[in-house]
Amino acid sequence: MFSFNMFDHPIPRVFQNRFSTQYRCFSVSMLAGPNDRSDVEKGGKIIMPPSALDQLSRLNITYPMLFKLTNKNSDRMTHCGVLEFVADEGICYLPHWMMQNLLLEEGGLVQVESVNLQVATYSKFQPQSPDFLDITNPKAVLENALRNFACLTTGDVIAINYNEKIYELRVMETKPDRAVSIIECDMNVDFDAPLGYKEPERQAQHEEAAEGEADHSSYAGELGFRAFSGSGNRLDGKKKGVEPSPSPIKPGDIKRGIPNYEFKLGKITFIRNSRPLVKKVEEDEAGGRFVAFSGEGQSLRKKGRKP
């Protein structure tokens, strides 16, 4: 009797905790069923078959479940989470933007491996269109959209839906690693200038010498506003004292004021009409002094003289 202990050595624990298999991937629009699964397109999670859940439950993996997707034909990879285990056997369903990053077509093969990622502390995004600047609060919109994502990978172009419009953002940088988990994390977010964005050019202010020699002859023919130039009406119906006051003048006598040609943009000038102070009437005698009760009195009753 001979015995061979070829399989007596235990399998290393590293390989026991690893999930790795290949699936044929399809977009979410190919998912059969009456329910609309457009929510999958708004996030970064995939749908896997039930056999994957059975295999994952037997492995000592860490939660949440995160996976690395690799297209070996194009050497492209990304990371994602899992949403449900309801796909057909041998098939997984991916968001359309994820298939574009992996350069996959409908029915292409993708390698799915379970991974452990560090928690994100910083990420930087670059919008792929200047239309992203029209959003009032982009950080709040991105924070709300990232709730449907499980992880981020540097170099990916993710798609978020806001106000029935798709905005694409490239992940420029992530810390502390090129692939990070964003589940229950405190992450600082920064934005780079959108792709194709051009800052508005500032026009230099040039002072033209010909401004001071402008022709103002046309101002004389224009009618200006004149206060209290209309006529009035009396309550008793009489026409006395309702003539226009002041009397109307000819249009040729009205001249428009000349504007301030020394005005400069950003400078405010306050013009105040200074009125001369009323001078007190000096006394006739320069050296006269005030004497109390020196005036003459008046009597209401005139006293008659007796003859």
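Throughout, read-outs are computed from the coordinates displayed, never taken from laboratory work. Since we're looking at a predicted model, the values are computed, not measured. Using ideal geometry, Cβ is built from the backbone for each residue, glycine included, and neighbour counts are taken over all protein chains shown.
Before anything else, pin down the relative contact order of the stretch 18-113: Cα pairs under 8 Å, at least 6 apart, normalised by residue count, whole percent.
Result for the stretch 18-113 is 48 percent.
Which one of Tyr93, Phe67, Pro49 has its Cα pushed farthest toward the positive end of the charge dipole of the stretch 18-113, where Lys and Arg give +1 and Asp and Glu give -1 at the Cβ?
It is Phe67.
Between Glu105 and Thr154, what length in nm is gained on full extension when 0.36 nm per residue of separation is reduced by their alpha carbon distance?
15.4 nm
Please label the shape of the stretch 120-189 as rounded, prolate or oblate, based on the square roots a ≥ b ≥ c of the eigenvalues of the alpha-carbon gyration tensor (a/c under 1.5 means rounded; beyond that, a/b larger than b/c means prolate, else oblate).
Prolate.
For Gln128 and Val189, compute 0.36 nm times the residue count separating them, minus their Cα-Cα distance, and round to one decimal in nm.
20.3 nm
Of Lys45/Lys124; Lys45/Lys198; Lys139/Lys198; Lys45/Lys165; Lys198/Lys267, which ones are farther than 27 Å apart at the Cα?
Table pairs above 27 Å Cα-Cα are Lys45/Lys198; Lys198/Lys267.
Under the Karplus relation 6.51 cos²θ - 1.76 cosθ + 1.60, θ = phi - 60°, what is the ordered set of whole-Hz ³J(HN,Hα) values for the stretch 87-94, x standing for Gly and Pro?
Karplus-based 3J(HN,Hα) across the stretch 87-94 equals 7, 5, 5, x, 10, 9, 10, 10 Hz.
Multiply the residue separation of Lys264 and Asp54 by 0.36 nm, subtract the distance between their alpha-carbon atoms, and state the gained length in nm to one decimal.
67.9 nm
What residues qualify as long-range amide H neighbours of Phe191, i.e. H under 5 Å apart, gap of 5 or more or another chain, H built at 1.01 Å from N?
Hits under the 5 Å cutoff: Phe125.
When the dipole is taken about the Cα centre of the stretch 18-113, and only Lys, Arg (+1) and Asp, Glu (-1) are charged at their Cβ, what size is it in debye, to the nearest 20?
Magnitude of the dipole: close to 340 debye.
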